[in-house]
Amino acid sequence: MRTWKQIVFALVIVAAAAFAWARFYPGAPEVLARWGLDWAVAATPPATGDKAAGAAQAGRDRSSQVATIVATPAGTATINDRLQAIGTGRANASVTVNPYSSGRLAELLVESGSHVDEGQIIATLDSETEIIAQDRAKLALQDAQSKLDRVKSLRASNAATPVAVADAEVVLAGAQLALRDAELALQRRSILAPISGTVGILPISAGNYVTNQSTIATLDDRTSILVDFQVPERFAAAVRVGAQLTATPIANPSNAYTGTISAIDNHIDEKSRTLLVKAKIANPADSLRAGMSFGITMKFPGDTYPAVSPLAILWGTDGAYVWQIENSKARRVPVRIIQRNTETVLIDAELESGDMVVTEGTQSVSEGGEVRIAGQDQRAAKTAEGS
């Protein structure tokens, strides 16, 4: 068979299939009308004979029948306005204590787990050399003071020049600075606690040689616990410093603590699309530790939407919709699903609280068709009897 014959044959098959679809498919006229092909609907010959009469009679029967359905009133609900996240706790302040200089660790004055105050001595280094330097500086200061006194007495009798007095004063000032330097060097042989807190496990013992890079102890201020957690991007605009939250230890969910947001990062992480937030939780009983994991819960004011039963949601070619009952007639209402909950679906639609929405029998409902709500007659009769 030649190519042109094959093409003609294929076109004939396609035309026959299109004619059959336009003639027999129930929704074909509406589709052709949306495509602007009303002439194709008009050109389609009407059905003839008994079949056409039977179809028309069936259509009249369906239009004249009243569909019995089950309907429930639409309600209202607030969109989920709760933020839940997992955070990691750390101490309000944590310091690693290192000595200022090198030397042999002479004594540790604290134990692991003990509480220390700011400025308290926690360890000392050997200080014989510094003591000697301090004593030498004291002697030098005394000698400089004596020389200044002699020069001043000579100056009173004009036996010394003003320059000699000035030189003696300079020597005295240098001796005073040397003594202060020796005292500071000796003072720094005692290692002080920079903050008030609890001592961790001591990594070193007395007698070891240490440098300014050696860790003597770690101190944690646990009067409050800081919790770092990530907030989804959609909550970034709602989070504020000072906002309250609830923190629940993952290991002990029966206890809940109230805290406040203390700091918010200045940018959203590009990889996780989250915002870093820091919260502060009071710890007066010292029951919380750094490194604990917390479940963070925050509540925000949410928007209110109509709420319907999940059975009421139907889908068509143009999206989701529900059947609303007005004056015993059905009306198709397009909806946009906002959130699915356990028992209801929050939607964005032209519905108000109390509007009746079809939940069962939707297959019998058509646009503008009359419907009867099942059980409505019995309820009306009971109401009349009671009155």
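Here's the yes/no breakdown for (1) among the β-branched types (Val, Ile, Thr); (2) outside the structural domain of GLY200 (by TED's automatic domain parsing); (3) farther than 16 Å from VAL231 by Cα; (4) out of contact with any Phe, Trp or Tyr (no Cβ under 6 Å at 6 or more places or on another chain):
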residue: TYR257; (1), (2), (3), (4): no, yes, yes, yes
residue: THR260; (1), (2), (3), (4): yes, yes, no, yes
residue: ASP269; (1), (2), (3), (4): no, yes, no, yes
residue: ARG273; (1), (2), (3), (4): no, yes, no, yes
residue: LEU276; (1), (2), (3), (4): no, yes, no, yes
residue: ASN283; (1), (2), (3), (4): no, yes, yes, yes
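The criterion of at least 1 residues that are among the basic types (Lys, Arg) is met, among strands (runs of 3 or more DSSP E) falling completely within segment 243-319, by 274-282, 293-299.
When you look at PHE235, is it modelled with pLDDT of 90 or more and either of a type in the set (Phe, Trp, Tyr) or not assigned by TED's automatic domain parsing to the domain that holds ILE204 (or both), yes or no? So PHE235 does not fit the description; no. Taking each residue of segment 112-125 that is within 16 Å of PRO203 (Cβ to Cβ) and looking for partners that are acidic (Asp, Glu) with beta-carbon atoms closer than 8 Å, six or more apart or interchain, yields ALA123/GLU107.
For segment 326-359, the set of residues classified as within 37 Å of the chain's Cα centre (by Cα) and part of a loop (DSSP other than H, G, I, E, B) consists of VAL335, ASN341, THR342, GLU343, THR344, ALA349, GLU350, LEU351, GLU352, SER353, GLY354, ASP355, listed by residue number. Only one entry in VAL308, VAL335 is free of Cβ contacts under 8 Å to residues at least 40 places away in the same chain, on the phi < 0 side of the Ramachandran plot and surrounded by 19 or more Cβ atoms within 10 Å (Cβ to Cβ), namely VAL335. When SER153 is tested against the conditions (1) under 30 Å from ARG289 (Cα atoms); (2) in the same structural domain as GLY113 (by TED's automatic domain parsing); (3) of a type in the set (Ser, Thr, Tyr), the lone failure is (1). Condition check for ARG240 on (1) of a type outside the set (A, V, I, L, M, F, W, C); (2) surrounded by 12 or more Cβ atoms within 10 Å (Cβ to Cβ); (3) farther than 30 Å from ASP117 by Cα: one failure, at (2).
Out of everything in segment 275-292 that is among the small types (Gly, Ala, Ser) and surrounded by fewer than 15 Cβ atoms within 10 Å (Cβ to Cβ), what residue ends up being farthest from SER254 (Cα to Cα)? Here the answer is GLY291.
In the condition set (1) touching a Leu at 6+ places or on another chain (Cβ under 8 Å); (2) closer than 30 Å to ILE86 by Cβ; (3) in contact (Cβ under 8 Å) with a residue 40 or more places away in the chain, SER272 is compliant with all but (1). Screening segment 81-196 for strands (runs of 3 or more DSSP E) wholly inside it with 2 or more residues that are surrounded by fewer than 14 Cβ atoms within 10 Å (Cβ to Cβ) and of a type in the set (S, T, N, Q) returns the ranges 82-97.
The values are calculated or read from the model by the stated rules, or taken from the named source; none is laboratory data. Computed from a predicted model, the values in this text were never measured in an experiment. Methodologically, a virtual Cβ is constructed for each residue, glycine included, from the backbone with ideal geometry; neighbour enumeration extends over all protein chains shown.
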